[in-house]
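Read the structure below first, then the notes.
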Amino acid sequence: MEATGTDEVEKIKSKFMSAWHNMKYSWVLKTKTYFSRNSPVFLLGKCYHFKTEGEYRALHSFQSSSAAGSNFDNINTEISGNVEEFRRDFISRIWLTYREEFPQIKGSALTTDCGWGCTLRTGQMLLAQGLMLHFLGRAWVWPEALDMDSSDSESWTSSTVRKLTASFEASLTAEREPRILSRPRRRPASSDWDVTEMRNEVYHRKIISWFGDSPLAAFGLHQLVEYGKKSGKMAGDWYGPAVVAHILRKAVEEARDPELQGVTVYVAQDCTVYSSDVIDRQCSFLDSGKAGTKAVIILVPVRLGGERTNTDYLEFVKGILSLEYCVGIIGGKPKQSYYFAGFQDDSLIYMDPHYCQSFVDVSIKDFPLESFHCPSPKKMSFKKMDPSCTIGFYCRTVQDFEKASEEITKMLNSSSKEKYPLFTFVKGHSRDYDFASSPLHEENDLFSEDEKRRLKRFSAEEFVLL
């Protein structure tokens, strides 16, 4: 009886936490983000220009507010085209946020990650972008992205207010929160889609389903928490960006979906990428026993300063986000993790995982996609960034990796005002430098003893937890 009472208290506490986070962050979603028309906007390697003077308010509302007269028709056409392209590209990225009322996490009473899972969510977003590059390519955009127009986002955030009220009421009665369903969207007729578009839609949904909030989802919160236990983390704990990098690597290694056998993840050791270790991973045997080259997602945990971010690293971060094979940065502000995907001037563009949404069962056919795509971008000054972060890159082939390592090395050397660059690419294996054995020959345990020591150090000392 005592355990049952404790579980009920935890459930009520979770509902209040969900309500609090919705109240706190739904207003942020409503606020307008300002972009300069004078400066280019970069999003994961793509550059967009808005090409007139001044500033405009909220990309999704710009067209309606600027169509003032025929003298500006040509200018408006040029700007709105770029705005629409940027919006379509941004909204097409996969957005993974706090969720509630999902199946209970093993070994706990938790059915929500509100208040503790933000770094896991930003890690999921980075991995999702890597998988999108792998299966869909950087040029892909969601055909329905622009259906999330200003009226939709207004009704979406308005429903948040109703949901917030319902959440408080449900919390008091310990009842399940009533769900407010999103407005159904019109899907193009099958005859309007060619074979490529249908294939892309299948992969779009499949990638999202891998991040579903259920115990069986390969990269879902439940699985990530299980892998985190091997590094001393439990559900409800804070996770740092370095620990999440290692958890993502293990999740990809353990994934059993045949579609994922052509992808591997490498995590840099002590700010060093050992080229031979990366290539060994890419050239390892597939589960089928056949030799083949795997694509690799390279994760590099770094610190951009001491207690505060060193602004000397700004140009390097901007340079990284200008590369099409960059899959983003797991970072944020102290105690708040964000997924950084672009920049304008000295401000970073990000997606915020702190908005709490209802559980979506991704196992059902044609599950709703809208809550997995962010309707509007947010910006933050680089100076506010926490120095602890993990940078990600995607390389499809060994040749792509070799080219990327050369390009990034030049960028590191040219942008660094410090004596030593943030991280380095070194030829050879880590074992050649008296480090632990090659990752390909680890023990059966999910984390080797050397990895466990490194992860504990990351958690306790070197990295400020977000």
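The values are calculated or read from the model by the stated rules, or taken from the named source; none is laboratory data. Because the structure is a prediction, the values reported are computed rather than measured. Every residue, glycine among them, receives a Cβ derived from its backbone with ideal geometry; neighbour counts consider all protein chains shown. Accessible surface is based on the protein model in full, side chains and every heavy atom, while ligands, DNA and RNA are left aside. Shrake-Rupley method; radii C 1.70, N 1.55, O 1.52, S 1.80 Å.
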Exercise. Quick one: is Leu216 surrounded by fewer than 21 Cβ atoms within 10 Å (Cβ to Cβ), closer than 29 Å to Trp140 by Cβ and among the hydrophobic types (A, V, I, L, M, F, W, C)?
Worked result: yes
Exercise. Given (1) open to solvent by 20 Å² or more (accessible area, probe 1.4 Å); (2) touching a Lys or Arg at 6+ places or on another chain (Cβ under 7 Å); (3) among the polar types (S, T, N, Q); (4) within 30 Å of Pro215 (Cα to Cα), where does Ser388 come up short, assuming only one miss?
Worked result: (1)
Problem set entry | Test set (1) more than 30 Å from Val83 (Cβ to Cβ); (2) open to solvent by less than 10 Å² (accessible area, probe 1.4 Å) - Asp400 fails condition number | (2)
For this session: Name every residue in the range 353-369 that is of a type in the set (D, E, K, R) and modelled with pLDDT under 95, in order of residue number.
Result: Lys365, Asp366
Exercise. Inside the range 52-171, counting only helices (runs of 4 or more DSSP H) that do not spill past its ends, which hold 1 or more residues that are out of contact with any Phe, Trp or Tyr (no Cβ under 7 Å at 6 or more places or on another chain), modelled with pLDDT under 85 and among the hydrophobic types (A, V, I, L, M, F, W, C)?
Worked result: 73-92
Exercise. Can you pull out the residues in the range 330-343 that are closer than 19 Å to Phe86 by Cα and of a type outside the set (Ser, Thr, Tyr)?
Worked result: Phe340, Ala341, Gly342, Phe343
Exercise. Going by the structure shown, is Asp352 open to solvent by 10 Å² or more (accessible area, probe 1.4 Å), under 12 Å from the mean Cα position of the chain (by Cα) and in contact (Cβ under 8 Å) with a residue 40 or more places away in the chain?
Worked result: yes
Exercise. Taking His222 and the conditions (1) free of Cβ contacts under 8 Å to residues at least 60 places away in the same chain; (2) open to solvent by less than 20 Å² (accessible area, probe 1.4 Å); (3) in a helix (DSSP H, G or I), which numbered condition does it fall short on, given that it satisfies the others?
Worked result: (1)
Exercise. So which pairs qualify, if the first residue must be in the range 366-387 and closer than 22 Å to Asn310 by Cα and assigned to a strand (DSSP E or B), the second must be of a type in the set (A, V, I, L, M, F, W, C) and open to solvent by less than 10 Å² (accessible area, probe 1.4 Å), the Cβ gap must be under 6 Å, and the two must be at least 6 apart or on different chains?
Worked result: Lys379/Ile349; Met380/Leu348
Problem set entry | Hits in the range 361-385 - residues which are aliphatic (A, V, I, L, M) and surrounded by fewer than 18 Cβ atoms within 10 Å (Cβ to Cβ) | Ile364
